[in-house]
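Below is one structure, written out as structure tokens, with a few remarks after it.
The values are calculated or read from the model by the stated rules, or taken from the named source; none is laboratory data. Just so it is clear, the structure is predicted and the values come from calculations on it, not from any experiment. With ideal geometry, Cβ positions are generated from the backbone for all residues, glycine too; neighbour counts draw on all protein chains shown.
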Number of protein chains: 4
Amino acid sequence: MAAPHLLHDHACLIVHGKDRPGIVAAVSALITRHQGNIVAFDQYSDDPTGGDYFQRVVFHRPDLSAALPALEDDLARTLGDGFDLQWTITDQSIPKRMAILASKQDHCLLDLLWRHRRGDLPVSIPMVVSNHTTAAEDVRSFGVPFFHVPSAGADKAAAEAQILQLLKGNVDFVVLARYMQILSADFLEQLGVPVINIHHSFLPAFVGAEPYRKAKERGVKLIGATSHYVTDDLDEGPIIEQDTVRVTHADTSAELARRGADVERQVLSRAVLWHAQDRVIRHGNHTIVF
Amino acid sequence: MAAPHLLHDHACLIVHGKDRPGIVAAVSALITRHQGNIVAFDQYSDDPTGGDYFQRVVFHRPDLSAALPALEDDLARTLGDGFDLQWTITDQSIPKRMAILASKQDHCLLDLLWRHRRGDLPVSIPMVVSNHTTAAEDVRSFGVPFFHVPSAGADKAAAEAQILQLLKGNVDFVVLARYMQILSADFLEQLGVPVINIHHSFLPAFVGAEPYRKAKERGVKLIGATSHYVTDDLDEGPIIEQDTVRVTHADTSAELARRGADVERQVLSRAVLWHAQDRVIRHGNHTIVF
Amino acid sequence: MAAPHLLHDHACLIVHGKDRPGIVAAVSALITRHQGNIVAFDQYSDDPTGGDYFQRVVFHRPDLSAALPALEDDLARTLGDGFDLQWTITDQSIPKRMAILASKQDHCLLDLLWRHRRGDLPVSIPMVVSNHTTAAEDVRSFGVPFFHVPSAGADKAAAEAQILQLLKGNVDFVVLARYMQILSADFLEQLGVPVINIHHSFLPAFVGAEPYRKAKERGVKLIGATSHYVTDDLDEGPIIEQDTVRVTHADTSAELARRGADVERQVLSRAVLWHAQDRVIRHGNHTIVF
Amino acid sequence: MAAPHLLHDHACLIVHGKDRPGIVAAVSALITRHQGNIVAFDQYSDDPTGGDYFQRVVFHRPDLSAALPALEDDLARTLGDGFDLQWTITDQSIPKRMAILASKQDHCLLDLLWRHRRGDLPVSIPMVVSNHTTAAEDVRSFGVPFFHVPSAGADKAAAEAQILQLLKGNVDFVVLARYMQILSADFLEQLGVPVINIHHSFLPAFVGAEPYRKAKERGVKLIGATSHYVTDDLDEGPIIEQDTVRVTHADTSAELARRGADVERQVLSRAVLWHAQDRVIRHGNHTIVF
């Protein structure tokens, strides 16, 4: 896995669609004829005869921004018309804009802010929005704007409208860092960018609220965390990353939560890094992670 | 964790009941006045004020078998009458008799036979019972009797009666090594000894049949295995041990099953070892594993 | 493992010395006759016949501070005189005073400060000392005093004397959170309290400097971190905790360092927690971790 | 990772050499013009500007054996002459012939034989050679020839000559499944095929003999196993796979060995599978594992 720094004059091309012979040859020839040099290449086909095909290519091309329009024309012609494939190309020198939504618990929020400050996340963070004010000072000490949007009880729509106004047009993706409000389908649709959540259990083992209490009651010997894209279907979106940690009968619910918090931070930070590096392709209710 | 070999002149005392001050002092004084020397001592209380208390003590006592009757009298008086605690004491030089029930898949079955032959499981294996004949020759090559009891389709009761006749009085516990028949509540009651199962998923994530197919469909990034005591309530018995292993989008269902088989063997063998060493205490739907 | 919060009216008794019959009985009887109720009990003997014996008992005793003098007298008589055992007893309501020494890299330092603020470490932090000023503002934002003691090049003794003056009498243990100066044997002796280090490799695989470069060169498939007590013998002190994480040929040295930083934080925080809870007993070049 | 079964009409092409622009395009165009359809593609470059380049491509080509001569001509022309790259192409329907050398301990040996019988290893096993006779009956029960070549004490050369006579020309690679004799440089050179070893520690932590005793003495909290290619330089060959498992102060040396045996089996079987699938490329003292 490459270093997370921004890469000048590097493009990331994502291709997916029905598998057919000749895709690798067509894509690599296209990159070569535009003076690109491939530095990373991953592909996956769930069935070489008529299945779905996924490809991620990172290539170096001096003076990339000048070359992009011609590249995009060629991609549209070669992949769109010739192979009926979908594609996106991104300039790896431009950080994705990541907003964070949080509530009272700050372990995931602060972990992301610290990793960003240390240069470990290739994103910019235009804002943090919270329904509590507790983290305001901490967030601002990182030089990141903090906005407080209280959850309006019954009138959830008003709070969502306010958040939408802040986010709309300003962000490329949103991270729910233990944000304890459920977002409506309407909000997600209007927002129109990917939303990544961290769920404090190994999904689908303990969906819904209070997974640590349920884990304690069921007497499991491992607890976990799951990062996934948010869809209308609560806790059912495509999983990006998961991990577990060993626990024993002697761990209290509070201790499970403490250990769980460590796993949550690790799992969420990996999911965010991989999304920021265009490593994650959504396909139905799954992800391909290159 | 101690070595799995049989220990001559060693006793294992399990104590449980309501927590009260003075239990440790009473138990250790009792062992001392019977010339025992404590070599391992574990305890757990889920709430020191009025919760449930669990204790496992292993002690060395020269000429143990001669001393046991007096010890048991004293335990009955001191713990039963004095503290209202339940207790069991076992001679660690006597191997538990373990029967294995299996079906077509042999990876868990052979793993247990092989560990036993290497001296890694302090049990005897009086028999293997299977509803298929495929493993007969392998099992007998270990010097272990093999009995074939076909699953009788609709008349499950007849097959269970036949198995019961084989097991009854001859075994101290039973291991279901990927045995693909569901045992009736009546069978379990008549059998009257603990039954340990290996389920090929991280419970409660994918209860029921075909967990690998479900894991593939859900796109999880880890798969697991769970060993638990069998109760009337399918897949809901007290969990003894669990573990997980990392998988990716590129793993086929067959590959998930292959990786899963490795985890199943590990998890089941640990659960069997701990049960054989009297390390597992059942309490409601949980286990305490010392 | 118990919750990390401070426990009022709870004492932790550590006992070690030559194993002999009757120790458990003597200790538990002593606690009972002082109205203590045992809530956690661990013991380990490396050989029940003449080996070394280690015990950790946590007990609840209402009005503990008033009872301590009589308890200590009894312990001296019963264990010291009667059994020739060494013992220490600590009041679990009093947080240990932990100083942190750091250099430029702040991931371990900030992780400890943050866990402390969340109430996950039962310690107080009277000061952070660094040979760089970079972390001053961050540290002070946690309300923790920060002192800058530059490394004086050749005249190391002067810097050490200055640090000693700050620490002496003010701290119960010291954590080296990626502190990049080697402490002299003389300093350690004069300091007279335990010092915990985090080494950025799985010891003893890559002792000394630049373990990530060496790991890359050797082509290992896992990298690790080790937390240990500091002794005169560099990188050879008793190991408290270790962990590893999977890497691949594609990870650059920088990426190894990034992944390693996550393991370092986890390993150091666990070692510090266990030390603060009196769970770690040093014995020769080993540790017993209860 | 693909399923381990043999793949008819599939070829695996390995390419390596100095990185230059256009390699992916050239290789994929070549495969396309020979009617091949790429089903798996991996590449790695340790430095896109003048570093070393490694590629593994699996492609489907109906009637592969008929097409291979023309393919090889084209590869020699295009890659050898045009790019100065080295390449090998293998027919994935032909199992590699794997000999196993073993001594008294049989856990790794039997694990490989069982996995092979279950269809989990795409190899044939023409023979097992051992310097002990203990495993003879077990090995033959798998239908695999067993040859006993006693270690001749001082006259090691005689034993090696005898083993060479058995292996020479009959095998594609050799696995040392806890074979306790050191093979001479001369033997390795004359043998001329890859030799894979399993070392019972996390290398380079405890090189040489008795790693479990050393691990116990050093008080490590994890033990491991390492599978590597054998070179003249004992324990220093390129590492293929490693793993670790958690242990505690209470584990005896015997218990460490028992836990270690489980890790050894896992690590060796993964290394063997990946080698058999042409996933491992040696480069200096490292491996690239696709």
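Confirm whether C:Arg265 is of a type in the set (Lys, Arg), in the same structural domain as C:Arg279 (by TED's automatic domain parsing), modelled with pLDDT of 95 or more and in contact with a helix residue (DSSP H, G or I) (Cβ under 9 Å, 6 or more places away or on another chain).
On the way: of a type in the set (Lys, Arg): yes; in the same structural domain as C:Arg279 (by TED's automatic domain parsing): yes; modelled with pLDDT of 95 or more: yes; in contact with a helix residue (DSSP H, G or I) (Cβ under 9 Å, 6 or more places away or on another chain): yes.
Considered against the rule, which asks whether it is of a type in the set (Lys, Arg), in the same structural domain as C:Arg279 (by TED's automatic domain parsing), modelled with pLDDT of 95 or more and in contact with a helix residue (DSSP H, G or I) (Cβ under 9 Å, 6 or more places away or on another chain), C:Arg265 comes out as yes.
Mind checking whether some residue in the stretch C:173-180 is out of contact with any strand residue (DSSP E or B) (no Cβ under 8 Å at 6 or more places or on another chain), at negative phi and aromatic (Phe, Trp, Tyr)? First the steps, then the outcome.
Going residue by residue through the stretch C:173-180, those that are out of contact with any strand residue (DSSP E or B) (no Cβ under 8 Å at 6 or more places or on another chain) are C:180.
Narrowing the set further to residues that are at negative phi leaves C:180.
Checking which are aromatic (Phe, Trp, Tyr) leaves us with none.
No.
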I'd like to know if the stretch D:8-23 contains one or more residues that are of a type in the set (Val, Ile, Thr) and at pLDDT below 95. yes
Taking B:Arg282 and the conditions (1) over 23 Å from A:Glu217 (Cα atoms); (2) basic (Lys, Arg); (3) outside any helix (DSSP H, G or I), which numbered condition does it fall short on, given that it satisfies the others? (1)
Which one of these is buried (at least 20 other Cβ atoms within 10 Å of the Cβ), touching a residue at least 12 places away in the same chain (Cβ under 8 Å) and either out of contact with any strand residue (DSSP E or B) (no Cβ under 8 Å at 6 or more places or on another chain) or within 30 Å of A:Trp114 (Cβ to Cβ) (or both): A:Gln35, A:Gln55, A:Gln92? A:Gln92
Please find, among C:Lys156, C:Lys214, C:Lys168, the residue that is within 14 Å of chain D (Cβ to nearest Cβ) and at negative phi. C:Lys214
I'm told C:Leu101 meets every condition in (1) assigned by TED's automatic domain parsing to the domain that holds C:Leu167; (2) closer than 23 Å to A:Arg258 by Cα; (3) touching a residue at least 60 places away in the same chain (Cβ under 8 Å) except one. Can you identify the failing condition by its number? (2)
Considering only strands (runs of 3 or more DSSP E) fully contained in the stretch C:145-239, which possess at least 1 residues that are surrounded by fewer than 16 Cβ atoms within 10 Å (Cβ to Cβ)? C:146-148
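Based on what the data block shows, is B:Pro69 modelled with pLDDT of 95 or more, touching a Pro at 6+ places or on another chain (Cβ under 7 Å) and surrounded by fewer than 20 Cβ atoms within 10 Å (Cβ to Cβ)? Spell out the reasoning first.
Values: modelled with pLDDT of 95 or more: yes; touching a Pro at 6+ places or on another chain (Cβ under 7 Å): no; surrounded by fewer than 20 Cβ atoms within 10 Å (Cβ to Cβ): yes.
Judged against the criteria, B:Pro69 is not a match.
Kindly establish whether A:Gly50 is farther than 21 Å from B:His249 by Cα, surrounded by fewer than 20 Cβ atoms within 10 Å (Cβ to Cβ) and modelled with pLDDT under 90. Steps first, please.
Numbers: farther than 21 Å from B:His249 by Cα: no; surrounded by fewer than 20 Cβ atoms within 10 Å (Cβ to Cβ): yes; modelled with pLDDT under 90: yes.
Answer is no for this residue.
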Output the residues belonging to the stretch B:37-52 that are assigned to a loop (DSSP other than H, G, I, E, B) and more than 8 Å from chain C (Cβ to nearest Cβ). B:Asp46, B:Asp47, B:Thr49, B:Gly50, B:Gly51
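Filter the stretch A:240-279 down to residues that are of a type in the set (Asp, Glu) and outside any strand (DSSP E or B) and give me whichever is surrounded by the most Cβ atoms within 10 Å (Cβ to Cβ). Working first, answer last.
If we filter the stretch A:240-279 for residues that are of a type in the set (Asp, Glu), which is where we start, we get A:241, A:243, A:251, A:255, A:262, A:264, A:278.
Filter again for outside any strand (DSSP E or B), leaving A:251, A:255, A:262, A:264, A:278.
Numbers: A:Asp251: 20, A:Glu255: 19, A:Asp262: 21, A:Glu264: 26, A:Asp278: 19.
Of everything passing the filter in the stretch A:240-279, A:Glu264 is surrounded by the most Cβ atoms within 10 Å (Cβ to Cβ).
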Inside the stretch C:12-30, the number of residues satisfying the requirement of being surrounded by 20 or more Cβ atoms within 10 Å (Cβ to Cβ) and facing chain B (nearest Cβ under 7 Å) is 3
Might you let me know whether the stretch A:228-249 holds any residue that is free of Cβ contacts under 8 Å to residues at least 12 places away in the same chain and facing chain B (nearest Cβ under 10 Å)? no
Counting only residues that are closer than 15 Å to D:Gly119 by Cα, away from chain A (no Cβ under 14 Å) and of a type in the set (D, E, K, R), the stretch B:250-264 contains a total of 3
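Looking at D:Thr88, D:Thr32, D:Thr78, D:Thr49, which one is among the β-branched types (Val, Ile, Thr) and in contact with a Gly (Cβ under 6 Å, 6 or more places away or on another chain)? Break it down stepwise before answering.
Working: D:Thr88 fails: in contact with a Gly (Cβ under 6 Å, 6 or more places away or on another chain); D:Thr78 fails: in contact with a Gly (Cβ under 6 Å, 6 or more places away or on another chain); D:Thr49 fails: in contact with a Gly (Cβ under 6 Å, 6 or more places away or on another chain).
Just a single option satisfies the conditions, and that option is D:Thr32.
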For the stretch A:265-290, pairs from a residue that is over 21 Å from A:Phe59 (Cβ atoms) to a residue that is assigned to a loop (DSSP other than H, G, I, E, B) and of a type in the set (Val, Ile, Thr), with Cβ under 9 Å and 6 or more apart or across chains, are A:Asn285/A:Thr231
Cβ-Cβ under 8 Å, sequence separation 6+ or interchain: first residue in the stretch C:160-186 and more than 30 Å from C:Asp262 (Cβ to Cβ), partner part of a loop (DSSP other than H, G, I, E, B) and among the hydroxyl-bearing types (Ser, Thr, Tyr). Which pairs? C:Glu160/C:Ser184
